[in-house]
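One structure is given below, encoded as structure tokens.
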Amino acid sequence: MRGQMMNLPLLITSFIERAGKLFGDVEIVSRRADRSIHRYTYKECRDRARRLAMVLHGLGLQPGDRVGTLMWNHYAHVEAYFGIPLAGGVFHTLNLRLHPAEIARIANHAHDRFVIVDEVLLPLWEQVAADFKPERVIVVSTPGAACRHGYDDYESALAESVKSFVPVDAHEDDAIGLCYTSGTTGMPKGVLYSHRALVLHALALSLPDVLGLRQSDVMLPLVPMFHVNAWGLPFAAAMLGAKMVLPGPCLDPTSICELFASERVTFSAGVPTIWMGMLRQIEQHPEAWHPQPGLRMLVGGSAPPELLIREFEKRGVRLIHGWGMTETSPLGTGSLIKSYMTDLGDDERFATLAKQGLPVPFIDIRTVNAAGICPHDGRTMGELEVRGPWVAASYFQSGAERDKWTDDGWFRTGDVATIDSEGYMRITDRTKDLIKSGGEWISSVDLENALMSHPQVQEAAVIAIHDPEWQERPLAVVVLKDGARATPESLRAHLAPRFPKWWLPEKFVFATEIPRTSTGKFLKTKLRELHGNAG
């Protein structure tokens, strides 16, 4: 027997319609590249997104056509997030931190028909355009600037759109967004998101025991809108009618702290690099830091040092550790303390919060190794597998890598993890980054986090180097804080109480910086290229 409920589609576009209708006066605030501030309302955003949809219809957009966006986080990018699906198209966020040839390769693979580009990114775009030729390029110009010859002007196109908005018929399984993986181990893979997946993801983000988002929040997504849809936060903000603050390209710690203060931010999200830089700024200028009561900040993309969580808590901020991937839209797990665990001592509580945490509702996780499904003992390592309604079931226009999905329907993440008896998951490494020494595994992530708890260390990355006796041994690449001093002996002594002796690196390299991927993760392929012969 089936239930007798209405069967209405779950559509992301309903969020901007609701926001415009019920929260029309709530602001969306953007910092432009020239540092000026743009303010307008959800009602204006909805109306302009509708106009963009009609512009795209006028250009001949067909259902499912891809529209590339090469933009920072600002109001026009939000309009594209909703306007392109309102037209029946698929927004494809291009990662502006990639090499121009790589951007072109991805855009060609996606068959983007049109591209919307920030004027300040035209020098980058013109390098991309050497290898990629869309039908039309629409430029979001700064106020008063004339659009370059040969390109369409975004504002003029919206102003000249006179046709009344006509919504397209949409199904909740229709594609609306496309994002490519970082591609650190080969050709990036496209992940094609549906209305249904992103609606359910936005609902899960907002749950009290996930991120606890609410209409009264002021959200500042520092994670780029080209990185897994800014982790879904613009959709959640529109769904709830919450004020959004968008930083544009101004991601230096001073600019970020200014926005926190001037806009009274209550929720933000970014990678550990952002929060470590912000913590340094706060340490140097404590008089400028006045967080709003109940400020929460989501950290993801890579594991944050436990020390980072401790330091922000001292300053009245709850740092929420989450885990996810492009393939999981992205949120898969989040860290919280269960109701019956509130009597934990500080060390145990922070150790728990530093784990990637519990699977959010609707997401299932397990770890698997050569012996089968791993026990939940907090020690046995295996590859993390995940399934859920916002987890990719295949890659876009690619028959390759079907082995990333198991026969019984789980996605193989490539992360190595443990799960404890309470269900808390902890990433110990990527499969390609584990160090095998004398037949035993060493976690580079555990060593990195321990090194970054040293008071003189700014950041640290650990890689495997060849060893004739033990097969592989760990090498640590360490960046010290400004003016700090440390020796290999002092760092090894810091690690010694935490790990078996055979885990400790014999070799340390002191560097001025650690190379990173376009999404802020340590680029260990480059480190191995630079230091792999140190053994």
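The values are calculated or read from the model by the stated rules, or taken from the named source; none is laboratory data. Computed from a prediction, not measured in an experiment: that's the story for all the values here. Cβ coordinates were reconstructed from backbone atoms using ideal geometry, including for glycine residues, and neighbour counts include every protein chain displayed.
If I ask for residues that are loosely packed, with under 15 Cβ neighbours inside 10 Å and touching a residue at least 60 places away in the same chain (Cβ under 8 Å), which ones from region 346-388 would you list?
Those that are loosely packed, with under 15 Cβ neighbours inside 10 Å and touching a residue at least 60 places away in the same chain (Cβ under 8 Å): Pro361, Phe362.
Here is a check on your reading of the model: is His38 of a type outside the set (D, E, K, R), out of contact with any Asp or Glu (no Cβ under 6 Å at 6 or more places or on another chain), more than 19 Å from Phe235 (Cβ to Cβ) and in the same structural domain as Gly190 (by TED's automatic domain parsing)? Quick ask: steps written out before the conclusion?
Details: of a type outside the set (D, E, K, R): yes; out of contact with any Asp or Glu (no Cβ under 6 Å at 6 or more places or on another chain): yes; more than 19 Å from Phe235 (Cβ to Cβ): yes; in the same structural domain as Gly190 (by TED's automatic domain parsing): yes.
The answer is yes for His38.
A quick yes/no check of all residues on (1) in contact (Cβ under 8 Å) with a residue 60 or more places away in the chain; (2) closer than 22 Å to Ile103 by Cβ:
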site	(1), (2)
Pro221	yes, yes
Pro224	yes, yes
Asn229	yes, yes
Phe235	yes, no
Ala238	yes, no
Ala242	yes, no
Leu251	no, yes
Ile256	no, no
Phe260	no, no
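For the subset of region 318-345 comprising residues that are surrounded by fewer than 17 Cβ atoms within 10 Å (Cβ to Cβ) and among the β-branched types (Val, Ile, Thr), which member is farthest from Ala230 (Cα to Cα)?
Thr342
Among the numbered conditions (1) at pLDDT 95 or above; (2) out of contact with any helix residue (DSSP H, G or I) (no Cβ under 9 Å at 6 or more places or on another chain), tell me where Gly88 comes up short.
Among (1) at pLDDT 95 or above; (2) out of contact with any helix residue (DSSP H, G or I) (no Cβ under 9 Å at 6 or more places or on another chain), the lone unmet condition for Gly88 is (2).
Restricting to region 448-492, and then to whatever is charged (D, E, K, R) and at pLDDT 90 or above, can you tell me which residue is surrounded by the most Cβ atoms within 10 Å (Cβ to Cβ)? Don't jump to the end; show me each part of the working.
Keep residues of region 448-492 that are charged (D, E, K, R), which gives 448, 459, 467, 469, 472-473, 481-482, 485, 489, 492.
Now restrict to residues that are at pLDDT 90 or above: 448, 459, 473, 481-482, 485, 489, 492.
On the way: Glu448: 26, Glu459: 21, Arg473: 23, Lys481: 15, Asp482: 7, Arg485: 9, Glu489: 9, Arg492: 15.
Per the criteria, the residue is Glu448.
Let's see how each residue does on (1) outside any strand (DSSP E or B); (2) of a type in the set (D, E, K, R); (3) touching an Asp or Glu at 6+ places or on another chain (Cβ under 6 Å); (4) surrounded by fewer than 18 Cβ atoms within 10 Å (Cβ to Cβ):
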{"position": "Arg196", "(1), (2), (3), (4)": "yes, yes, yes, no"}
{"position": "Leu200", "(1), (2), (3), (4)": "yes, no, no, no"}
{"position": "Phe235", "(1), (2), (3), (4)": "yes, no, no, no"}
{"position": "Ala261", "(1), (2), (3), (4)": "yes, no, no, yes"}
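Sort through Pro208, Pro134 and tell me the only one that's at pLDDT 95 or above, within 30 Å of Gly388 (Cβ to Cβ) and assigned to a loop (DSSP other than H, G, I, E, B). Show your work before the answer.
Numbers: Pro134 fails: within 30 Å of Gly388 (Cβ to Cβ).
Pro208 is the lone residue from the list that is at pLDDT 95 or above, within 30 Å of Gly388 (Cβ to Cβ) and assigned to a loop (DSSP other than H, G, I, E, B).
So is Ile37 touching a Ser or Thr at 6+ places or on another chain (Cβ under 9 Å) and without any contact (Cβ under 8 Å) to a residue 12 or more places away in the chain or not?
Values: touching a Ser or Thr at 6+ places or on another chain (Cβ under 9 Å): yes; without any contact (Cβ under 8 Å) to a residue 12 or more places away in the chain: yes.
Answer is yes for this residue.
Being aliphatic (A, V, I, L, M) and surrounded by fewer than 23 Cβ atoms within 10 Å (Cβ to Cβ) is the filter here, so list the residues in region 91-105 that pass it.
Let us first name the residues in region 91-105 that are aliphatic (A, V, I, L, M), namely 94, 96, 98, 101, 103-104.
Result: Leu96, Leu98, Ala101, Ala104.
If you scan region 117-136, which residues turn out to be surrounded by 18 or more Cβ atoms within 10 Å (Cβ to Cβ) and closer than 17 Å to Gln62 by Cα?
Pro134
Check every one of the strands (runs of 3 or more DSSP E) wholly within region 404-514 and list those with 1 or more residues that are touching a residue at least 12 places away in the same chain (Cβ under 8 Å) and polar (S, T, N, Q). Working first, answer last.
Values: elements: 411-419, 425-430, 435-437, 440-442, 457-467, 471-480, 507-510.
In region 404-514, the matching strands (runs of 3 or more DSSP E) lie at 411-419, 425-430, 435-437, 457-467, 471-480.
Quick test for you: out of Ile514, Ile435, pick the one residue that is surrounded by 14 or more Cβ atoms within 10 Å (Cβ to Cβ), in contact with a strand residue (DSSP E or B) (Cβ under 9 Å, 6 or more places away or on another chain), within 30 Å of Leu96 (Cα to Cα) and not aromatic (Phe, Trp, Tyr). Let's see the steps before the verdict.
Values: Ile435 fails: within 30 Å of Leu96 (Cα to Cα).
Going through Ile514, Ile435 in turn, just one is surrounded by 14 or more Cβ atoms within 10 Å (Cβ to Cβ), in contact with a strand residue (DSSP E or B) (Cβ under 9 Å, 6 or more places away or on another chain), within 30 Å of Leu96 (Cα to Cα) and not aromatic (Phe, Trp, Tyr): Ile514.
Residues being part of a loop (DSSP other than H, G, I, E, B), at pLDDT 85 or above and either surrounded by fewer than 11 Cβ atoms within 10 Å (Cβ to Cβ) or out of contact with any strand residue (DSSP E or B) (no Cβ under 9 Å at 6 or more places or on another chain) (or both): count how many of those fall in region 137-161. Show your work before the answer.
Residues of region 137-161 part of a loop (DSSP other than H, G, I, E, B): 141-151, 160-161.
Right, trim to at pLDDT 85 or above and you get 141, 151, 160-161.
Subset that is either surrounded by fewer than 11 Cβ atoms within 10 Å (Cβ to Cβ) or out of contact with any strand residue (DSSP E or B) (no Cβ under 9 Å at 6 or more places or on another chain) (or both): 160-161.
Residues in region 137-161 being part of a loop (DSSP other than H, G, I, E, B), at pLDDT 85 or above and either surrounded by fewer than 11 Cβ atoms within 10 Å (Cβ to Cβ) or out of contact with any strand residue (DSSP E or B) (no Cβ under 9 Å at 6 or more places or on another chain) (or both): 2 in total.
Is one or more of the residues making up region 29-41 touching a helix residue (DSSP H, G or I) at 6+ places or on another chain (Cβ under 7 Å), surrounded by fewer than 19 Cβ atoms within 10 Å (Cβ to Cβ) and among the acidic types (Asp, Glu)?
No, region 29-41 contains no residue that is touching a helix residue (DSSP H, G or I) at 6+ places or on another chain (Cβ under 7 Å), surrounded by fewer than 19 Cβ atoms within 10 Å (Cβ to Cβ) and among the acidic types (Asp, Glu).
Just to be sure, is Val223 in contact with a Cys (Cβ under 7 Å, 6 or more places away or on another chain), surrounded by 22 or more Cβ atoms within 10 Å (Cβ to Cβ), of a type outside the set (Lys, Arg) and modelled with pLDDT of 95 or more? Walk me through it before giving the result.
Working: in contact with a Cys (Cβ under 7 Å, 6 or more places away or on another chain): no; surrounded by 22 or more Cβ atoms within 10 Å (Cβ to Cβ): yes; of a type outside the set (Lys, Arg): yes; modelled with pLDDT of 95 or more: yes.
So Val223 does not fit the description; no.
Among Lys501, Lys521, which is the only one that is out of contact with any strand residue (DSSP E or B) (no Cβ under 9 Å at 6 or more places or on another chain), within 18 Å of Lys432 (Cβ to Cβ) and not hydroxyl-bearing (Ser, Thr, Tyr)? Walk me through how you get there before you give the answer.
Numbers: Lys501 fails: within 18 Å of Lys432 (Cβ to Cβ).
Matching residue, one of Lys501, Lys521: Lys521.
Please verify whether region 50-62 includes one or more residues that are closer than 30 Å to Asp252 by Cα and not hydrophobic (A, V, I, L, M, F, W, C). I'd like the intermediate steps shown before the answer.
Keep residues of region 50-62 that are closer than 30 Å to Asp252 by Cα, which gives none.
No, there is no match, as no residue in region 50-62 is closer than 30 Å to Asp252 by Cα and not hydrophobic (A, V, I, L, M, F, W, C).
Looking for something in contact (Cβ under 8 Å) with a residue 60 or more places away in the chain, of a type in the set (Gly, Ala, Ser) and either assigned by TED's automatic domain parsing to the domain that holds Arg48 or farther than 23 Å from Ala230 by Cβ (or both) - is there at least one such residue anywhere in region 178-189?
Checked against the condition, which is being in contact (Cβ under 8 Å) with a residue 60 or more places away in the chain, of a type in the set (Gly, Ala, Ser) and either assigned by TED's automatic domain parsing to the domain that holds Arg48 or farther than 23 Å from Ala230 by Cβ (or both), region 178-189 yields at least one hit.
Residues of region 96-106 being touching a helix residue (DSSP H, G or I) at 6+ places or on another chain (Cβ under 7 Å) and closer than 19 Å to Gln397 by Cβ, which ones?
Here is the first cut: in region 96-106, the residues touching a helix residue (DSSP H, G or I) at 6+ places or on another chain (Cβ under 7 Å) are 96, 100, 103-104.
Across region 96-106, the qualifying residues are Ile103, Ala104.
Any idea how many residues of region 10-26 are surrounded by 15 or more Cβ atoms within 10 Å (Cβ to Cβ) and closer than 19 Å to Pro85 by Cβ? It would help to see each step written out before you state the result.
We begin by selecting, within region 10-26, every residue surrounded by 15 or more Cβ atoms within 10 Å (Cβ to Cβ); these are 10-20, 23-24, 26.
Adding the requirement that they be closer than 19 Å to Pro85 by Cβ leaves 10-20.
Summing the residues that are surrounded by 15 or more Cβ atoms within 10 Å (Cβ to Cβ) and closer than 19 Å to Pro85 by Cβ in region 10-26 gives 11.
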